[in-house]
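Have a look at the structure below, then the notes.
The values are calculated or read from the model by the stated rules, or taken from the named source; none is laboratory data. All values derive from a computational prediction rather than experimental measurement. So basically every Cβ, Gly included, is an ideal-geometry build from the backbone, and we count neighbours across all protein chains shown.
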Amino acid sequence: MTPRDPRRTVRLALVLWLTLAVLVWTVVFDRMIVVAGRQYVHDAAVSARSGSFLLINDRMPQATSHAVRVASLASAATLASGVAAIWIAARKDRGSAARALARGGLVE
C-alpha cells in the first residue's frame, strides 16, 4: 500500500466541495426561478381577468436578483462548511501523523 499524499487528498476534497457548491447554487437558483415564473403566470391570469395586464418585465428582474442572492448564500454556506470540515480533518490527520512519528511508527 502506498502512503497517501495529504496535499492531493486536500485538493481532491476541495474540488468535490466546490463541485457540490456549484450544484447547490444551480438547484436553488433554478427552483426559485421556477416558483417565481409560476407565481407570475398565476398573477398575470388573475390580473387579465380583471382587465389589466401584468408584464413579465415587472416581476422577473426582481425575482432573478433575489434568486441569485439566495442561491449564492446557500452555495457559500455549503462551501464554507466543506472548507471548515477539510481544515478540521487536515489538522486532526496532521496531529495523528505527528503522534505516530513520535512513537516511531510508520505514517500511512
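Pull up segment 42-57, narrow it to residues that are assigned to a helix (DSSP H, G or I) and over 29 Å from the mean Cα position of the chain (by Cα), then point me to the one that is farthest from Leu16 (Cα to Cα). Before you say what the answer is, go through the steps one by one.
Of the residues in segment 42-57, the ones assigned to a helix (DSSP H, G or I) are 42-49, 56-57.
Keeping just the survivors that are over 29 Å from the mean Cα position of the chain (by Cα) gives 42-49.
Details: His42: 39, Asp43: 41, Ala44: 42, Ala45: 44, Val46: 45, Ser47: 46, Ala48: 48, Arg49: 50 Å.
In this case the residue turns out to be Arg49.
I need every pair where a residue in segment 1-17 that is over 16 Å from Lys92 (Cα atoms) has its Cβ under 6 Å from the Cβ of a residue that is at pLDDT below 75 and loosely packed, with under 10 Cβ neighbours inside 10 Å, sequence separation at least 6 or different chains.
Pro3/Glu108
Within segment 66-80, can you find the residues that are free of Cβ contacts under 8 Å to residues at least 40 places away in the same chain and surrounded by fewer than 15 Cβ atoms within 10 Å (Cβ to Cβ)? Steps first, answer last, please.
Let us first name the residues in segment 66-80 that are free of Cβ contacts under 8 Å to residues at least 40 places away in the same chain, namely 66-69, 73, 77, 80.
Selection gives His66, Arg69, Leu73, Ala77, Ala80.
Criterion first (part of a helix (DSSP H, G or I), in contact with a Phe, Trp or Tyr (Cβ under 7 Å, 6 or more places away or on another chain), surrounded by 13 or more Cβ atoms within 10 Å (Cβ to Cβ) and at pLDDT 95 or above) does Ala63 satisfy it? Spell out the reasoning first.
Working: part of a helix (DSSP H, G or I): yes; in contact with a Phe, Trp or Tyr (Cβ under 7 Å, 6 or more places away or on another chain): no; surrounded by 13 or more Cβ atoms within 10 Å (Cβ to Cβ): yes; at pLDDT 95 or above: yes.
No; evaluated as a whole, the condition is false for this residue.
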